[in-house]
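Written below as structure tokens is the structure these notes are about.
The values are calculated or read from the model by the stated rules, or taken from the named source; none is laboratory data. Keep in mind it's a predicted model, so treat the numbers as computed, not measured. Positions of Cβ are backbone-derived with ideal geometry, glycine not excepted, and every protein chain shown enters the neighbour counts.
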Amino acid sequence: MITVHPSPDAVADAVADLVADAVRARPRINIGLAGGSTPSLTYERLSGRDVTWDRVTLWLGDERWVPADHPDSNARMVRTTLGSGAERLIAPDHELGDPERAATSYATRLAAAFEPSGGHPDLVLLGMGDDGHTASLFPGTKGLDVMDRDYAAVWVADKNTWRLTATFPLLWSSERIVFVVTGHAKAPVVRRILEKGEPLPAQRVAEGAADVTWVLDQAAAAQLT
Ligand code: 6PG
């Protein structure tokens, strides 16, 4: 399903409503959070919604390999936008000192968190880069080949950094995926994926998932016919 909204603010309100409704609909829920800059508006809106946070376990679709208080940390972005909800976040542990160890340890913690939901993610919010990457599944990186684990450490040469990311198998096992994409810069890649079906990482996630919603603003949807 594709929904298009007038502005990034309207997208943030729509996704905050979607998450709040999902929490109300069941006694317990795990929610994967997108990183980057787009979702911060959504998390700010969500911090003002009436959400029973103790029903919720939050986790990260990906994380940069930086300390938890680093400006690039997705966990830090969540903690500075989501208010009390951020207390429900479980995040990778940079203090383990090695990205592979941190990814493995995180996957174990996620498996325990998913147990009440039958061992899979319930709802995952994902962003998308203008190259079609999502989470930290970047075109041309080894993370795209990881099919035997739920979370992986990947070296992203273009960014000269390690990233930790949910893998295709984990994302494909999710009950629902919601892509949140705004801004003119994303319009070309939105068209490449939604109209041309180019097998970029975000398209491959969508293709293998059970229930996918794209929440776009008019700018990001501008090149859709
Ligand atoms: C990250 C994200 C990444 C993000 C896209 C879009 O850690 O950066 O998880 O996949 O969603 O890069 O980022 P923006 O929202 O900043 O455009």
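Points to keep in mind about this one:
- Selected residue [modelled with pLDDT of 95 or more, away from the ligand (no atom under 14 Å from the Cβ) and aliphatic (A, V, I, L, M)] from V189, V181, V146: V146
- Failed item in (1) surrounded by fewer than 20 Cβ atoms within 10 Å (Cβ to Cβ); (2) of a type in the set (V, I, T); (3) within 14 Å of the chain's Cα centre (by Cα), with T42 passing the rest: (1)
- Only one of R45, R64, R109 that is at pLDDT 95 or above, within 28 Å of A10 (Cβ to Cβ) and of a type outside the set (A, V, I, L, M, F, W, C): R45
- Listed by position, the strands (runs of 3 or more DSSP E) contained in region 47-157 that have at least 1 residues being under 15 Å from N30 (Cβ atoms) are 56-60, 123-126, 151-156.
- Any hit, region 57-77, residues being more than 13 Å from the ligand (Cβ to nearest atom), surrounded by 16 or more Cβ atoms within 10 Å (Cβ to Cβ) and among the charged types (D, E, K, R): no
- Scanning region 204-213 for residues that are surrounded by 15 or more Cβ atoms within 10 Å (Cβ to Cβ) and touching a strand residue (DSSP E or B) at 6+ places or on another chain (Cβ under 9 Å) returns R204, V205, A206, A209, V212, T213.
- Condition check for S117: touching a Leu at 6+ places or on another chain (Cβ under 6 Å), touching a residue at least 24 places away in the same chain (Cβ under 8 Å) and either surrounded by fewer than 22 Cβ atoms within 10 Å (Cβ to Cβ) or over 26 Å from L18 (Cα atoms) (or both): no
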